[in-house]
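Novice: Got a structure for you, written out below as C-alpha cells; questions coming shortly.
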Amino acid sequence: METTVRGRVALFALGVAVLAAAIGARLLQLQVFRADELAAKAARQHEQMIDIGGGRGAILDREGRELAVSVATSSLFAHPQRVQDRPRAARLLARVLEMPESKILEKLRSEAPFVWIRRRLDPQTAKAVEALPLPVGPGKPFGFETEGKRFYPQGALAVQVVGFANIDQEGVEGIEKVFDETLRGDAAKYLAVRDGRGGMVLQLAKAPSKTPEDVVLTLDLALQHIVERELDVAFRESGARSAAAILLDPATGHVLALANRPTADPNRYGEAKPEQKRDRAVVDQYEPGSTFKVITAAAALETGTVTPERLFDCQNGAIQIAGHRIRDHHPYGTLSVRQILEESSNVGMIKVGRTISPARFDEYVRRFGFGARTGIELPGEQQGMVTPLRRWSALTGASLSIGQEVAVTALQLASAIATVANDGVRVPPRIVLGTRDSSGSLRPLPGPEPERVISTATARTLRGILEGVVARGTGRKAAVPGYRIGGKTGTAQKVDARGGYSHSQFVASFAGFGPAENPRLAGIVVLDSPAGGVYYGGQVAAPVFGRILADALACLRVAPDECAPIPAEAEPSGSAKRRPETLLARKDEEQTAADDAPVATGPGQVPDVRGLSLREAVVALADRNYGARVEGSGVVLAQAPPPGAAVAAGVVCSIRLGAPPEPPARSAAEGRSSRAIPRGRKG
C-alpha cells in the first residue's frame, strides 16, 4: 500500500516536472527567442505613430495675389480591428471613392490599428461617405481628419514657375520644389493606441515645431496674363512645336512674367505630359541666330573697332570662310553697322566680328552671361554652351558673330537685351522677392550683384540702332503705336540629326525693350519650329512681342513717347485689333453694357469689373480667388459670369476689353461719369 502511494506521488511529481519544463520551454521561446517578433506584432496591433496635417505656405505674386494655396480637406481613415463586416464596408466605399473594392478590403484586413482609406477628399465625396450606412465619426471604426490640399487658384497661369506639390504636400516641381523646406511646416505626430476593449485613442506625441512661410515672387499677375494670352494665340496660330516668352524689369532683373507652351493645369498635374511641365525658358538650349548679333555689335562698339556709321561691303549677300559659303537672305552691297543690324546682314556682321580679337570677343560673350547659369531660383536651369577659346576653329569667329556655334536659353538672351536696356549694367534675373512669415512680414532675399558689361554711352548708342531695327528694319512688326521700341529679330536654322543645319526647321525669336529712351521692360519671344512656311522672327515672333509690350506698357501706365515714329508697315499691336470678337457669342451669358450702374457685390460673388483697366480687373478677380481669361485690350466692356453671380472660388471668368465707349453729351452741371474714363491709361 505504501509502495503504491509512493509510486503515485513520484508519478505526479514527474508530471509536474514535465509540465514545468514544457512551460519553461514555452516561456523561453516566447520571451527570449521570439521576443522581438512578438513585441513588433503587439506594437502593430496596439500602437502606431502617424503624421497628420502639416501646413504649407502660399506662393504669391509681387502684389500678394495667390498663385498656390493650401485648402482644408477631409481624409478618411479606419481602425481595421473595429470594422465588423469588412467586405460590405469595402463594397460601399468603393462606389463612392471610385477605388477598387479589393484595395479597400486589403486596407481593412491590416493588422495596424490605424490606416488611411483615402486622403484629401473633395467636399462632395466626404459628404457622400458620411451618408453611407457605415459607423463614421469620433470613436467609430471610420473617421475623418482634416488635412491640407494644394490648390492653384490661377489655373495654368505660370504653372512651370510655380510648379506642383504632391498629395503629401511635398514640392516636386518649380518653386514648390526649390522652396519646399520654406513652404512646408512640420506635421503633428500622433500615437494611435488600442486598449483592451478595442477602443482607439489618438494621443499627440509631438506638436509641429516649424511653421510654414509664404514665398513671394517677382511675377506680376496682370503682366503674366498678358504674356500667356498672347503666347497662347501665337503658339496656336503659328503651329510651333513649343514657345516661350519672358518680360523683365531691366533695372532690377525681376522676372515680371514667364510663360511656356505647351502648358498644363496644376490642379490636374498628374494627367500632364512631361513636355507640358517643361520650363523651356530656362531649360531648353538653342542657337540664337541673329538676335546674338546684338552681342557682336556691343563688343565691337565697346572696343572701338567700329562706329555706327562705318561702312562694310556685304559682297552682294555671300561670303566664303574656311570652305563654307555663308549667305544673306537678301543681296546687299555696302551697308553701315547701323544698317547691318537693321537688315540683319550675316555677311556684314561677320565682317564687324572680324574687327574684334578672338580673346576680346570671347570675353564680352561671357560678360553678357552666356555659357553660365543666371542663378535664377528655378530648377533645371541650363548654362548653355560657348566654345572655349582654345578650341576655336577658323570658322568659329564668323559663326559666333551671327549666333551660331553657341547655345543659349531664352532667359540668358532676355537678360542680355535687358543689359543693353539698363545702360550696360547686367543685373542677373531673379524670380523670388523673399519669404513672408505668419505675421505677414516680408523677409527679402538678397539680390544679385549688378555688373557693368559695356559703358553707358555704348549701351545708348546700341539702343538707338536697335530702335531703327523696329522703325525701319526687320523688326517693323514689333512696333507699338505711340512708343519707341527697340529690338532684334532672329531666325536660326536648327541642327538636324546628321549634325548639319536643317532647311525646314527654324527657331524664330525677337528680343527687345521699350520705351527706347528709358526702358521699363525688356524681354523675348521664342517660337520653336513654326509651321506653314512662315518662320522668320520678324514675321512670327516680332508681332507677338509688340502686342505683349503694347498692353504691358499700358498696364504699367507708362506714358507714350512724344512724337514717337510709327512706321506705315507696322501691324497694329493692340490685341483687340487683330482678332474677331469671340467672348460675346451669347448675350444671355454676359453683361454687355459697360455704362450700366455698378453692381455692388460681396464675398463669394463675382465682382463688377466693367470699365476697369486690365490690371484693375485682374486684381479685383484675384482678390476673390477667381482667374481671368482675357480678350482684347483697353478697358473691360463685358464679363462672364455677370457681376454679382455666386460662383465657387477658382472659376475662370471671361473678360472682354476694348476702346471705352464715348461718354454721352452732358451739361456742365451734370459732370462726367467716372466709369466712362479708362482707368490706368493716359488720354
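All of the numbers you see were taken from the coordinates with simple rules; none came from a lab. Keep in mind that this is a model prediction, so the values were computed, not measured. Heads up, the Cβs are rebuilt from the backbone with ideal geometry, glycines too, and the neighbour counts pull from every protein chain shown.
Novice: Starting at the first residue of segment 145-151, write each ³J(HN,Hα) from the Karplus equation 6.51 cos²θ - 1.76 cosθ + 1.60 with θ = phi - 60°, in whole Hz, x for Gly and Pro.
Specialist: Each residue's phi maps through the Karplus curve to give 10, 7, 9, x, 10, 6, 9 Hz.
Novice: Let me ask something additional. Where Lys and Arg each count +1 and Asp and Glu each count -1, what net charge lies around Glu106 among other residues with Cβ under 15 Å from its Cβ? All intermediate terms of the calculation are to be shown ahead of the outcome.
Specialist: Numbers: positive: Arg86, Arg91, Lys103, Lys107, Arg109, Arg118; negative: Glu101, Glu111.
Local net charge: +4.
Novice: Tell me which residues come under 5 Å, amide H to amide H, from Val651 once H is placed; ignore anything under 5 positions away on its chain.
Specialist: Residues meeting the amide H criterion: Gly627.
Novice: Amide H neighbours of Ala638 under 5 Å, at least 5 residues apart or on other chains, H built in the peptide plane: list them.
Specialist: Residues meeting the criterion, in which the H sits 1.01 Å from N, are Arg656.
Novice: Describe numerically, in nm with one decimal, the distance between label points set 7 Å from Cα along Cα→Cβ at Leu311 and at Ala128.
Specialist: For Leu311 paired with Ala128, the spin-label model returns 8.0 nm.
Novice: Given the Cα-Cα distance of His329 and Leu14 and 0.36 nm per residue of separation, how much length would full extension add, in nm?
Specialist: Full extension from His329 to Leu14 adds 102.2 nm.
Novice: Take the residue pairs Lys103/Lys210; Lys140/Lys273; Lys351/Lys477 and return only those whose Cα atoms are more than 32 Å apart. Kindly include the intermediate steps, with their values, before the conclusion.
Specialist: Values: Lys103/Lys210 35 Å; Lys140/Lys273 42 Å; Lys351/Lys477 27 Å.
In this structure, Lys103/Lys210; Lys140/Lys273 lie more than 32 Å apart at Cα.
Novice: What is the order of Ser357, Ser633, fewest Cβ neighbours within 10 Å to most? Show your work: numbers first, answer last.
Specialist: Values: Ser357 13, Ser633 24.
So the ranking, lowest neighbour count to highest, is Ser357, Ser633.
Novice: Return the long-range amide H neighbours of Arg426 (sequence gap of 5 or more, or a different chain), with a cut-off of under 5 Å between placed amide H atoms.
Specialist: Amide H to amide H, under 5 Å and 5 or more residues apart or across chains, Arg426 pairs with Glu451, Arg452, Val453.
Novice: Here's something else I'd like to know. Quick one: what Rg and Dmax do you get for segment 221-576 from the alpha carbons, in Å?
Specialist: Using the Cα atoms of segment 221-576, the pair Rg, Dmax is 19.3, 68 Å.
Novice: With 10 angstrom as the radius, rank Arg354, Arg390 by how many other C-beta atoms surround their C-beta, starting from the fewest.
Specialist: Values: Arg354 16, Arg390 5.
In order of increasing Cβ crowding within 10 Å: Arg390, Arg354.
Novice: Related question: May I ask for the net charge around Leu462, where only other residues with Cβ less than 15 Å from the Cβ of Leu462 are counted and Lys, Arg are +1 while Asp, Glu are -1?
Specialist: On the way: positive: Lys293, Arg310, Arg338, Arg367, Arg426, Arg452, Arg460, Arg463, Arg484, Lys488; negative: Glu302, Glu309, Glu342, Asp423, Glu467, Glu517.
Counting the neighbours of Leu462, the net charge comes to +4.
Novice: Among Thr374, Thr125, which comes first, then next, by fewest other beta-carbon atoms within 10 Å?
Specialist: Thr125, Thr374
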